[in-house]
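The values are calculated or read from the model by the stated rules, or taken from the named source; none is laboratory data. In this text the structure is predicted, and so the values were computed from the model without any measurement. In this analysis, Cβ positions are derived from the backbone assuming ideal geometry, glycine residues included, and neighbour counts consider all displayed protein chains.
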Amino acid sequence: MNERFEMPARLRNTSLALIAVGILVLIIGGVTLLGGDEYEKTRFWLVLLHNSVFFLLITAVSVFIQAAASLAQGGWIVAYKRVPEAIGANVWLFGLIAIAVLFGVAFGFKIDGHNPIYHWMTPHGDKVLEGKSAFLNPTMFAGFTIVTIALWAFFGRKFRALSIAQESAPKNSTKIYWAMVKWSGGFLLVYALTQMSTTPWMWLMSIDAHWYSTMFSWYTFASAFVSGMSVILLFVVYLKNQGKLEIVGKEHVHDLGKFMFAFSIFWTYVWFAQYMLIWYSNMPEETTYFKMRQHGPYSMIWYAVFIINFIMPILILMARPSKRNYFTVCFMAMVIIFGHWLDFYIITMPGPLKEHWHLSWYEMGIFAGFAGLLIFSVSKTLTKSSLVPHNNPLLKETIIHLS
Amino acid sequence: MAIKKFAVACYDDEAVLFPAVKSVRHSGYKLHDVYTPFAVHGLDVAMGHKETDLHVAGFIYGITGTSTAVGFMSWIFTSDWPINYGGKPHWSLPAFIPITFELTVLFAAVGMVLTFCYLNQIMPGVKKHVFHPRQSDDYFVMAIELNDHTNEQEVLNFLKGTGAVETSVQTAESEWWYGRWDKKEAYELA
């Protein structure tokens with residue numbers, strides 16, 4: 001049968017090689033950068049923080065996509081729902097890495113009794129940071145991080161377990177289907193209170209602890225959502241090229257392409273809304289964030305992010321035929337993932353590193369390691385069950401789906 | 001404006017309509033249109049319509065809206081009536097973006113609605129010939145265009161053979177017209 005996926009040797013070797021590159025770069029970085037000056041030590045930790053949070057958010061968004069689809073009783077996603085399930089079931093892995101890195105940065109990294117990344121850890125009489133200490137303090141940080149990641153990982157595994165239990169359930173039984181709807185409602189609440197509001201403040205916005213923006217969590221959510229959709233699309237097209245997922249057709253790929261297109265526009269909307277209000281009111285404590293990024297040493301990346309994440313998707317993905325062409329959507333998916341990785345880069349780096357930024361072997365190597373880990377762990381999970389969600393009440397609907 | 005002769009067939013079931021549409025096209029008759037009480041999925045494909053170009057029109061309207069907004073605001077704020085707003089430059093693009101976005105959406109939306117109405121020949125106050133009063137109730141009505149050389153009886157027999165519950169031959173205006181319903185009777189008499 002064509003329903004089982006076995007990891008081809010080439011995929012396994014490539015992903016393991018990427019992981020090896022990541023580990024090698026981490027070791028070399030640990031030796032050279034940690035022995036360097038203040039900025040090199042900060043760079044070592046900051047790149048790990050950037051990548052672990054980015055990959056955690058784009059895997060966790062798969063859990064959100066399943067929850068939203070099952071609450072809306074969307075049939076379009078059922079044809080390839082094993083892919084978001086497999087990504088969601090690996091949230092725990094990226095969560096553990098993120099916990100290790102976040103705790104390392106917050107509690108284990110100090111230069112002269114001062115934390116260069118999370119300044120609020122060591123306010124030393126800074127009035128602004130002391131005013132925020134009810135939220136930005138070590139206990140809250142540890143609590144939020146552990147609770148958030150534990151809940152995401154739990155729901156990711158729970159959704160997959162429910163979906164696999166449906167296969168062996170009695171025929172035409174909808175008990176598990178409705179249980180899934182209830183769990184999805186619960187997850188949306190969790191997700192709204194973590195990813196969509198508080199958690200990005202803790203992990204990312206508090207790097208520039210004096211600055212704040214109420215749009216920030218939506219902005220990171222939009223980035224995560226569009227990259228998460230792109231990851232799902234890459235896996236779907238890969239499985240399709242391997243001759244699997246026969247029930248997935250152009251209509252389903254078209255839907256994923258529409259989401260990539262629409263949420264690129266949504267990202268731009270949120271990104272610009274955050275920018276324009278600050279530009280308009282022109283208050284010094286708010287404009288410092290953009291001063292550094294738009295006019296300072298990061299201006300090249302700033303404009304690159306805008307072109308990659310907005311101009312390219314809107315021009316390339318707007319036409320119907322390009323969303324139905326496997327090459328175009330895969331190319332755009334890779335471009336979008338890289339663009340939003342750059343976007344997260346420009347969120348994290350400027351605060352602590354100032355003009356001492358690099359985009360070279362260490363950054364790319366760590367990114368390769370995480371990408372390899374994502375490919376390997378998700379493919380491993382995909383091999384463990386049938387790719388077709390048998391006995392799912394929406395299976396017929398998804399086969400005859402027209403986008 | 002053209003008055004033409006039509007053979008009209010009524011069906012009471014979607015499942016009969018689809019094979020009938022196919023055999024009409026297969027036999028080489030000129031299909032005028034099919035009127036249904038609700039949107040029947042896949043009927044456009046069965047009738048041989050190609051994918052609509054409405055979205056291309058929408059793109060052109062949108063671009064028109066974008067350039068109208070940017071051009072107009074640029075002209076106002078730089079040469080017609082330059083005002084200093086909070087020390088910002090006269091030509092400050094970020095402030096123009098929301099209005100540009102709104103005008104793009106407005107032009108695209110209104111333009112596409114009007115184009116859609118034109119393509120489908122629907123508009124308030126505009127009339128079209130109704131082939132059968134039950135075409136908005138429970139009948140699927142198919143109209144075939146006839147010419148002077150067609151054998152009417154042969155066509156009607158053919159349509160009955162495809163499962164039509166009611167057939168007729170009508171002379172009617174084939175396009176839309178603006179005005180009163182009673183003008184239609186003048187056409188029918190002609």
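Residues being of a type outside the set (S, T, N, Q) and either more than 30 Å from B:Trp177 (Cα to Cα) or assigned to a helix (DSSP H, G or I) (or both): count how many of those fall in the stretch B:1-29.
At the first step, the residues of the stretch B:1-29 found to be of a type outside the set (S, T, N, Q) are B:1-22, B:24-26, B:28-29.
Next, only the ones that are either more than 30 Å from B:Trp177 (Cα to Cα) or assigned to a helix (DSSP H, G or I) (or both) stay: B:13-22, B:24-26.
Total meeting the criteria: 13.
Results for (1) crowded, with 20+ Cβ neighbours inside 10 Å; (2) in contact (Cβ under 8 Å) with a residue 24 or more places away in the chain, shown as yes or no for each residue.
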| site | (1), (2) |
| --- | --- |
| A:Ser230 | yes, yes |
| A:Glu251 | no, yes |
| A:Phe261 | yes, yes |
| A:Ser264 | yes, yes |
| A:Trp267 | yes, yes |
| A:Ala273 | no, yes |
| A:Met276 | no, no |
| A:Glu285 | no, yes |
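Looking at the stretch B:93-107, which of its residues are of a type outside the set (Phe, Trp, Tyr), surrounded by 15 or more Cβ atoms within 10 Å (Cβ to Cβ) and within 12 Å of chain A (Cβ to nearest Cβ)?
B:Ala95, B:Ile97, B:Thr100, B:Thr104
Checking B:His41 against (1) within 13 Å of chain A (Cβ to nearest Cβ); (2) at positive phi: exactly one of these is not met. Which one?
So the condition that B:His41 fails would be (2).
Is one or more of the residues making up the stretch A:45-66 under 30 Å from A:Leu402 (Cβ atoms), assigned to a loop (DSSP other than H, G, I, E, B) and within 24 Å of the chain's Cα centre (by Cα)?
No - not one qualifying residue is present in the stretch A:45-66.
For the condition modelled with pLDDT of 90 or more and closer than 30 Å to B:Asp148 by Cβ, what is the one hit in B:Leu93, B:Leu114, B:Leu31?
Being modelled with pLDDT of 90 or more and closer than 30 Å to B:Asp148 by Cβ holds for just one of B:Leu93, B:Leu114, B:Leu31, which is B:Leu31.
In the stretch A:316-334, how many residues are small (Gly, Ala, Ser) and in a loop (DSSP other than H, G, I, E, B)? Show your work before the answer.
Of the stretch A:316-334, the ones small (Gly, Ala, Ser) are A:319, A:322, A:333.
Now restrict to residues that are in a loop (DSSP other than H, G, I, E, B): A:319.
Result for the stretch A:316-334: 1.
Here's a check for you: in the stretch A:283-294, which residue that is in contact with a helix residue (DSSP H, G or I) (Cβ under 7 Å, 6 or more places away or on another chain) and not β-branched (Val, Ile, Thr) is farthest from the other protein chains (Cβ to nearest Cβ)?
So the residue we want is A:Met292.
Listed here are the residues, each with its yes/no results for (1) within 14 Å of chain B (Cβ to nearest Cβ); (2) closer than 23 Å to A:Met292 by Cβ.
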site: A:Ala304; (1), (2): no, yes
site: A:Ile308; (1), (2): no, yes
site: A:Leu315; (1), (2): yes, no
site: A:Arg324; (1), (2): yes, no
site: A:Phe331; (1), (2): no, no
site: A:Trp341; (1), (2): no, yes
site: A:His356; (1), (2): no, yes
site: A:Gly369; (1), (2): no, no
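Report whether or not B:Ala69 is modelled with pLDDT of 95 or more, assigned to a helix (DSSP H, G or I), within 14 Å of chain A (Cβ to nearest Cβ) and over 30 Å from B:Ala2 (Cα atoms).
no
Being modelled with pLDDT of 90 or more, surrounded by 20 or more Cβ atoms within 10 Å (Cβ to Cβ) and closer than 20 Å to A:Ser168 by Cα narrows it down to one of A:Leu382, A:Leu374, A:Leu353, so name that one.
Every option except A:Leu382 fails the conditions.
Within the stretch B:125-180, restricting attention to residues that are part of a helix (DSSP H, G or I) and in contact with a helix residue (DSSP H, G or I) (Cβ under 9 Å, 6 or more places away or on another chain), which residue is surrounded by the most Cβ atoms within 10 Å (Cβ to Cβ)? First the steps, then the outcome.
The initial filter retains those residues of the stretch B:125-180 that are part of a helix (DSSP H, G or I), namely B:133-136, B:152-161.
Those still in the list that are in contact with a helix residue (DSSP H, G or I) (Cβ under 9 Å, 6 or more places away or on another chain) too: B:158-159, B:161.
On the way: B:Phe158: 20, B:Leu159: 24, B:Gly161: 10.
For the stretch B:125-180, the residue satisfying everything is B:Leu159.
If you go through the stretch B:73-84, how many residues are surrounded by 15 or more Cβ atoms within 10 Å (Cβ to Cβ) and of a type outside the set (A, V, I, L, M)?
Of the residues in the stretch B:73-84, 2 are surrounded by 15 or more Cβ atoms within 10 Å (Cβ to Cβ) and of a type outside the set (A, V, I, L, M).
Give the stretch A:228-282 a look and list any residue that's assigned to a loop (DSSP other than H, G, I, E, B) and either away from every other protein chain (no Cβ under 13 Å) or touching a Cys at 6+ places or on another chain (Cβ under 7 Å) (or both), or say none.
Matches in the stretch A:228-282: A:Gln242, A:Gly243, A:Lys244, A:Leu245, A:Glu246, A:Ile247, A:Val248, A:Gly249.
Kindly indicate whether A:Met364 is in a helix (DSSP H, G or I), more than 27 Å from A:Ala72 (Cβ to Cβ) and under 18 Å from the mean Cα position of the chain (by Cα).
Yes.
Any chance the stretch B:57-64 includes a residue that's free of Cβ contacts under 8 Å to residues at least 40 places away in the same chain and either surrounded by 16 or more Cβ atoms within 10 Å (Cβ to Cβ) or farther than 23 Å from A:Ala319 by Cα (or both)?
No: zero hits.
Here is a yes/no grid of residues against (1) of a type in the set (Gly, Ala, Ser); (2) surrounded by 14 or more Cβ atoms within 10 Å (Cβ to Cβ); (3) within 30 Å of A:Gly22 (Cβ to Cβ):
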{"residue": "A:Ile99", "(1), (2), (3)": "no, yes, yes"}
{"residue": "A:Ala106", "(1), (2), (3)": "yes, yes, yes"}
{"residue": "A:Met121", "(1), (2), (3)": "no, yes, yes"}
{"residue": "A:Phe144", "(1), (2), (3)": "no, yes, yes"}
{"residue": "A:Leu151", "(1), (2), (3)": "no, yes, yes"}
{"residue": "A:Val181", "(1), (2), (3)": "no, yes, no"}
